[in-house]
Each structure stands twice: as structure tokens, then as C-alpha cells.
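Shown next, in C-alpha cells, is the structure this report addresses.
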């Protein structure tokens, strides 16, 4: 471990570090999609057509779809698809779950079991699918309302005819405004919690940014120095999820894989212990200079990944 990196880690006051998400995004789950078709086949498809683009809820707020997670799923890494979805959901600003399919019902059950995910859930219920006396209404939906407030679950009078949605544009507009309002009102910073998977993943991304890129083995040693112990499997799962949501990217140089922050990364202000150097820009400059002296490959990887922004950060 480089001397400057070790000194920096020892100066961090992790208990007082307030983390913010370096990139905001929403996770959208629900019915099937039919992009390009004249008539939406689901509420989720209708909702996407109401958004800024199919990739953004609003300008600067990307949408991650359940399909994106499915494409990234590897049975060799994760026990099942829901395990990967839970990692992604824990990082999301808001998890929008439109309850209109068997898959979304399974996601409701899985997400409700994690308070970290459930606290960021917004469930849109089709009135005709889940009446007030149904198991789902009296089970997971009631649990969410009692645990996190009635605003977590909202009912909308979507009207279905076969597999198409009829005359629901005004209702979908209401749904969009509700979701956008929730995203806009979310707390920007959260005090670090050592048992929170999402906070540990955020910490990994922050350190990858601060140190101009890291390997998985290096990150394991950095976290150990902060008294955070993760086994190799969990570490790799977290790196996989962080790449999927666009917080870090993997770059290969010779035989080495480095993970660097993505463009537009918005770092959290570091909290330092008393009587420790508390100038983050100075710390980063000193770390960069030590890397250059050692002819470390990651300097070139970092510059290629971020382009001109790299010179500004390292200056």
C-alpha cells in the first residue's frame, strides 16, 4: 500500500463521513415493454414514454431497467437474478415498482425484506389487480405502509383491455409527477453506516475516485484498514453492481484490471479525524505524485478513462 494512501485512510473519520450518491438514478420494475409499438402494453411502457427519454426520468436522472440488470446477470457470480436486483436497488435513489406482473410481485416480496431497499420503494398499484382484501394488499403492501408510511404505496385507476392500456395518459402523468416529486425531495447525504451494503459500495466508489483507480485486491486491503471485512465473493458482487449502475468502470492495462470513477462523478466531502490534514485536493495531489514516481499504470488508465477531466483533477 502506498504511503500516501495509507496515511489518507488513517486520517478518514468514517463515522462522520456523510455520503452522497455520485450519480443519481432510479430503478424501474414492472410489466413487459414494447418499444416502437403504437400502443403501450403495460403501465411501465406507458410511464417510460412519459419520461424525458427512455433512459432518463428527467434530464440528468438516468433510469435503470430490470432488463438492464437481466442482461448483466451471471449465474456464476450471483445466486439468482433477484440477488443482483437487490444490490442495484440498494444504490438507487428511488425504486419504482409498478405492480402489474408476476415478476413485479416477486420483486415486491424480495425488496420488502430489506429495510435498506424498502425505505426507497415506491409501489404503484393497479386498482383492478389487487383489491383491498387481497393477500398482497393485506401482506407486503400493508407492511410497507405501516413501516415506511402510506405514501410508499399508491393506487392508480389504470384501465386494461387484454394486453393494452386504455385511456390512461392523465393517470400516467400523475404517476410521473408523484415519482419525480419523491426523487426531488430525497435527502442528498446519508451518514455512513458500516453495516449498510449500499454505503459500503458508495465508499468503494469514493475511494476508487480519490485514488485514481483501484484493483479489487487493493480495495480489500483499504477496507480492512477501515475495519470493514468483506469476503472475495461479496467484494466482486459489489464491483459488478457498481459497474452496472455506472458509478465505476473497469479498464485493463497489460494484465491488470483497474476500476476508475466514471465521467461526471460527484464525490462526497471527506470527513477527517481531529488534527489530521483535511485538504482533500492536497491529499489527491500527493497521491497522484507518488503514483507517478512509481510509474504506476493506473495514471495512464485514469487519464484515458476521464480524458481532459483527468488533468483538471490531478492538477
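The values are calculated or read from the model by the stated rules, or taken from the named source; none is laboratory data. A quick note: this is a predicted structure, and the numbers were derived from the prediction, not measured. We place every Cβ from the backbone using ideal geometry, glycine too, and count neighbours over all the protein chains shown.
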For the range 9-30, indicate whether the set of residues that are part of a loop (DSSP other than H, G, I, E, B), farther than 30 Å from residue 227 by Cα, in contact (Cβ under 8 Å) with a residue 60 or more places away in the chain and assigned by TED's automatic domain parsing to the domain that holds residue 88 is non-empty. yes
Exactly one condition in (1) under 17 Å from residue 29 (Cα atoms); (2) over 14 Å from the mean Cα position of the chain (by Cα) is false for residue 95; which is it? (2)
Would you please list the contacts, defined by Cβ atoms under 6 Å and residues six or more apart or on different chains, that run from a residue in the range 215-239 that is at positive phi and not assigned by TED's automatic domain parsing to the domain that holds residue 259 to a residue that is surrounded by fewer than 14 Cβ atoms within 10 Å (Cβ to Cβ) and in a loop (DSSP other than H, G, I, E, B)? none
I'd like to check something: does the range 46-65 contain any residue that is buried (at least 22 other Cβ atoms within 10 Å of the Cβ), more than 21 Å from the chain's Cα centre (by Cα) and at negative phi? yes
May I ask you to verify whether residue 64 is touching a helix residue (DSSP H, G or I) at 6+ places or on another chain (Cβ under 9 Å) and not in a helix (DSSP H, G or I)? yes
What pairs can you find where one residue is in the range 66-77 and more than 17 Å from residue 91 (Cβ to Cβ), the other is modelled with pLDDT of 85 or more and assigned to a loop (DSSP other than H, G, I, E, B), and their Cβ atoms are less than 9 Å apart, with a gap of 6+ or different chains? 67/33
Unmet requirement for residue 313, which otherwise passes all of (1) at pLDDT 80 or above; (2) in contact with a helix residue (DSSP H, G or I) (Cβ under 9 Å, 6 or more places away or on another chain): (1)
Quick check, is residue 206 under 26 Å from residue 15 (Cβ atoms), assigned to a helix (DSSP H, G or I), modelled with pLDDT of 90 or more and touching a helix residue (DSSP H, G or I) at 6+ places or on another chain (Cβ under 8 Å)? no
Residue 71 - would you say it is farther than 29 Å from residue 174 by Cα, surrounded by fewer than 18 Cβ atoms within 10 Å (Cβ to Cβ) and outside the structural domain of residue 240 (by TED's automatic domain parsing)? yes
Tell me, which residue of the range 263-277 that is closer than 16 Å to residue 91 by Cα and either without any contact (Cβ under 8 Å) to a residue 60 or more places away in the chain or touching a helix residue (DSSP H, G or I) at 6+ places or on another chain (Cβ under 8 Å) (or both) is surrounded by the most Cβ atoms within 10 Å (Cβ to Cβ)? 268
